[in-house]
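Below is one structure, written out as structure tokens; the observations come after it.
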Amino acid sequence: NAMLPLVKAITADLASLARQVIERRQRLAQLTRGRPSQTADVYSEELAQIQQELDKDTDQLRAYIRELEELGVEPKSGPEGLVDFPALVDGTTVLLCWQYGEKQIAYWHRIDEGFANRRPLGAAELPSLQ
């Protein structure tokens, strides 16, 4: 929880940009569907510009992901702002699970499980956190 303010800031930027990129990629795919790739018309330059902006934003998403990974955090879903914090609990590695908008880290799940299987930190099957 001590590093959560920094993780929140990065995750907020990551989630917002990820949603924007997904929406723009979908719109671009609709605009170019059935269109020959080498078409030279008034829209070609605009479509190329949109693609360049998407590529730049994709690079920025990768930078956010690297920043989180350097903090020891595992980003799981950019648009939802979902991240895991690997933790060693009584010799067992578990993932402390947090989603953007939650006030603190309050859930966990086993490594072979995901968000759907997360449980509250006080759940009986979690070894004691020391």
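The values are calculated or read from the model by the stated rules, or taken from the named source; none is laboratory data. This one's a predicted model, so the numbers in the text were calculated from it and none came from an experiment. In this analysis, Cβ positions are derived from the backbone assuming ideal geometry, glycine residues included, and neighbour counts consider all displayed protein chains. The area values use the complete protein model at the heavy-atom level, side chains included, leaving out ligands, DNA and RNA. Shrake-Rupley method; radii C 1.70, N 1.55, O 1.52, S 1.80 Å.
Observations on the structure shown:
- For beta carbons closer than 9 Å, sequence separation of 6+ or different chains, a first residue in segment 19-30 that is more than 16 Å from residue 52 (Cβ to Cβ) and a second that is open to solvent by less than 100 Å² (accessible area, probe 1.4 Å) and among the β-branched types (Val, Ile, Thr), there are no qualifying pairs.
- Subset of segment 85-104 [surrounded by fewer than 16 Cβ atoms within 10 Å (Cβ to Cβ) and β-branched (Val, Ile, Thr)]: 89, 92, 93
- Scanning segment 57-84 for residues that are open to solvent by 30 Å² or more (accessible area, probe 1.4 Å) and either in contact with a Ser or Thr (Cβ under 7 Å, 6 or more places away or on another chain) or of a type in the set (Ser, Thr, Tyr) (or both) gives a single hit, 64.
- Residue match in segment 29-42 (condition: under 28 Å from residue 116 (Cβ atoms) and either part of a loop (DSSP other than H, G, I, E, B) or touching a helix residue (DSSP H, G or I) at 6+ places or on another chain (Cβ under 7 Å) (or both)): no
Condition check ((1) assigned to a helix (DSSP H, G or I); (2) closer than 16 Å to residue 16 by Cβ; (3) modelled with pLDDT of 90 or more; (4) touching a Phe, Trp or Tyr at 6+ places or on another chain (Cβ under 9 Å)) across all residues:
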| site | (1), (2), (3), (4) |
| --- | --- |
| 54 | yes, yes, yes, no |
| 60 | yes, yes, yes, no |
| 65 | yes, yes, yes, no |
| 105 | no, no, yes, yes |
| 112 | no, no, yes, no |
| 122 | no, no, no, no |
